[in-house]
Amino acid sequence: MTVRDLLRLNLLVFVVYAVIGTLTLLVGQYSGLASPVWPAAGLAFAAIYVWGWRLLPAVLLGSLASNALTLVREGTVTQTSLFVAVVIALGAALQALISARLVTAAVGRRASLTRGGEILAFLLLAAVVGSVVNASVATVTQVAFGLVSADQALLVWVTWWVGDAIGVVVFGPLALMLIPSQREVWQGRRWRVAIPSLTAVVLFVAFFVQAENQSANEMRLRTEQLANSAAIELERNVARHQEVLEGLSSFFESSEEVNRDEFASYTASALRRFPNLQALSWNPIVTADELDAFEQRIRADGEFPDFTVTERDAQGELVPVAPRDDYVVVEYIEPLATNEAAIGFDINSNPIRQQAINKAGSLGVPAATAPIDLVQESGTQKGMLALVPVYERNTLDEREGQVDRLLGFAVGVYRLDDLLTDTFAGPVWASTEIHLVDVTNPDDSREISTREALKTPTVDQTQKIVNSASSDRFSVFGRTWQVEVVPTSGPLANPGQAMAPSLEVVGLLVILLVQAFVLLVTGTERQAWRHAESSEQEANTDHLTGLSNRRAFLRNLELVRQRSRMDGTVDSLLFMDLDRFKSVNDQGGHDAGDRMLQAVARVLTANVRSRDTVARIGGDEFAVVLNNCGTERAMEIAQKLVAEVNALRVTSDLGELAVGVSVGVVSFSSGDDLSVDELLRRADDASYDIKHAGGGALLYGTSAGSDV
């Protein structure tokens, strides 16, 4: 093979590999699934198996091109991703080389895949064993560079191995069928191998997609159930808090007066039971006229001698409150140690808090604020206040226009990140990311808290699969919250890769069995056909010259005789007997005689048409049937054959040896009734006559059967 031919061949394999690889990745990206079959692996094996290591550049560059084009299309071209693509390309070339050499060592370079041993060696060495190479190289590289997390390594390895193995099992033989030097090996088997194996691949891919979709649907359903459980868990948790707040409200309503110690004692039990409840407070309503007396009373208690009712200014600093009609002041709060900064804060000074105050006060129901920044918050997480109104109950009939007087609010204080963290601290939530969104106002929904998954998230940047997410809504103190769960690791993560690796392996085994059966059946048929063809050829061929033997010649002559009677054509029979052949054997030995017979056979074949029949019908006797050839033309051919045979020379120890030939010619048509035996006898007689007359050619009979 010249350098130019080698370059052209490399270019062809490179283009085909790149196109097949790119299309395969494109289909996988479009479906959101890993590619279950990699046909390019079969092409790479076939190329290296037939042409050797000189085709490695085509495989390497084809693999690199298909992966690079995919990275460009996805917009994920980075130095790391390109390096990984180069390593994977090297793995693809190394895999093709190792697979080809393993098969070559086992069955040679022109395996016909017709015998069980060859088929088994091909399937095991080229596919099952060889495909381990790039699956391992690709998986280790992607894990090492953080493109795939360790918990995904087995799934990635199995998917890669199965895809390459099926690619070699099915598309390796298909590629070999198309290579010119291998065509004779696959003659008569191409479609009988291609159709069943391609059908098996299509069914496997359909099963793969169906199984993936079914698994993904099951996992989405489980994720929805997980979201529903999360909503129920959070709603149940907050409902217990509401019971605490309503109990605290009743405590104030049933007491003449509640001092700070009594408040602390009452709330201590609830705070121990519900650690995710940041604080409980008592916020009385203080009118503008009562403000000074209220501040003086608190100062007089001695615990807060500098007590002042405060609000936040534009810079977020606590300052004395501005004049307004009413104040809703934090008088008591527990636990005090972590919430002392809130003492004296007027929650009515803030519009968001004020909305909840107005709702709870006017409707007489618990109400919560939208997410807020807590006064006592030193970090960045959002908080929420839940307010339950406290009334001074009036004993008069409300139908007479008298109502209960609103005294203030029992308040639950929440740090929303802590609420999520404490609520979902169990191991069942360790692999799940949880988002809390306030959707009370559909036009202004906002995420108010996120709890990251406790376990390391699964990473698989090779597929760009978005983790399954589901959400559910519930009511919290008159507001609507939505909890969204996103499994980030474990069995619920990445539903696009949900099919168990064992199912992929089962699919590979089925395809291996199908391909082995197809190759074995078609191979056995081909061997039987070739054996029958060989036997027939051996039965009808002279083993020395390769010409038709006497039996085959007579059968062919009979067919020509029948056709001439039906079509009215004129055909001719030449009977040839070599002159002086005995002297060739005597002087040069049987080897010289055999070589002379072979030379005569070549001359006869070269000087008649392909549609004519040349046969060796005896030791030194030959015959030729000239189809659709009249008497005059038959005589010309006979004379030419005489001249060509007379010119033959065979070397021996005694020098050059030569023979002559006597030819008897008989023409026949539908106008005579000569049988095949009679035709052959007349031609033989003519040859005998001409031999005794000095050799040459003689016309013995015409189409009318008259002598000349």
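Every number in this text was worked out from the coordinates using simple rules, so none of it is lab data. Note that the structure is a prediction, hence the values are computed from the model and not measured. Cβ placement follows ideal geometry from the backbone for every residue including glycine, while neighbour counts extend to all protein chains displayed.
Note on the chain: with charges restricted to the Cβ of Lys and Arg (+1) and Asp and Glu (-1), its dipole about the Cα centre is near 4740 debye.
Residue by residue, region 71-81 carries 3J(HN,Hα) couplings of 4, 5, 5, 7, x, 10, 6, 9, 4, 5, 5 Hz when phi is fed to the Karplus relation 6.51 cos²θ - 1.76 cosθ + 1.60 (θ = phi - 60°); x denotes Gly or Pro. In region 541-701, Cα pairs under 8 Å separated by at least six residues give a relative contact order of 31 percent. Judged by the mean number of other Cβ atoms found within 10 Å, the most tightly packed of the peptides 428-440, 90-102 leads the ranking 90-102, 428-440.
Using the average count of surrounding beta-carbon atoms within 10 Å as a protection proxy, the listed peptides 69-77, 365-373, 157-165 rank, highest first, as 157-165, 365-373, 69-77. Modelled spin-label separation between ASN607 and ALA425, with each label point placed 7 Å from Cα along the Cα-to-Cβ direction: 11.0 nm. Model label sites at GLN242 and ALA322, defined 7 Å from Cα along the beta-carbon direction, differ in position by 3.5 nm.
If you count Lys pairs in the chain whose Cα atoms are under 30 Å apart, skipping same-chain pairs closer than 8 places in sequence, the total is 6. List the GluC sites (Glu not before Pro) within region 238-326 that DSSP assigns to loop and that have no more than 15 neighbouring Cβ atoms inside 10 Å. Passing both the DSSP loop test and the Cβ count: GLU256, GLU257, GLU303, GLU317. Dimensions of the chain along the principal axes, based on C-alpha atoms and rounded to the nearest Å, stand at 161, 55, 38, largest first. One decimal place: the segment ARG297-ARG222 gains 21.2 nm when fully extended, by the rule 0.36 nm per residue minus the C-alpha distance. Applying 0.36 nm per residue to the separation of ASP313 and ARG405 and subtracting their alpha-carbon distance, the gain on full extension is 30.0 nm. Secondary-structure-derived ellipticity at 222 nm for the chain, considering helices only, amounts to -18000 deg cm²/dmol, per-run term -39500 (n - 2.57) for DSSP H runs with n ≥ 4. State whether region 119-223 is rounded, prolate or oblate according to the following rule on the C-alpha gyration tensor (a ≥ b ≥ c being the square roots of its eigenvalues): a/c under 1.5 gives rounded; otherwise a/b larger than b/c gives prolate, and the remaining case gives oblate. Because a/c hits 1.5 or more and a/b fails to exceed b/c, region 119-223 counts as oblate. Compactness ratio for region 541-701: Cα radius of gyration over 2.2 N^0.38 Å (N = residue count) comes to 1.01. Once the chain from LEU154 to PHE517 is taken as fully extended at 0.36 nm per residue, the excess over their C-alpha distance is 127.7 nm. Net charge dipole, region 541-701: roughly 400 debye, given to the nearest 20, about the Cα centre with Cβ charges of +1 for Lys and Arg and -1 for Asp and Glu. Helix 132-144 and the long axis of the chain differ in direction by around 20°, with both axes built from C-alpha atoms. By the count of other C-beta atoms within 10 Å, a proxy for reagent exposure, ILE48, ILE195 are ordered fewest to most as ILE195, ILE48. Put simply, region 236-451 fits an ellipsoid with semi-axes of 28, 21, 19 Å; these come from the alpha carbon gyration tensor as the roots of five times its eigenvalues, largest first.
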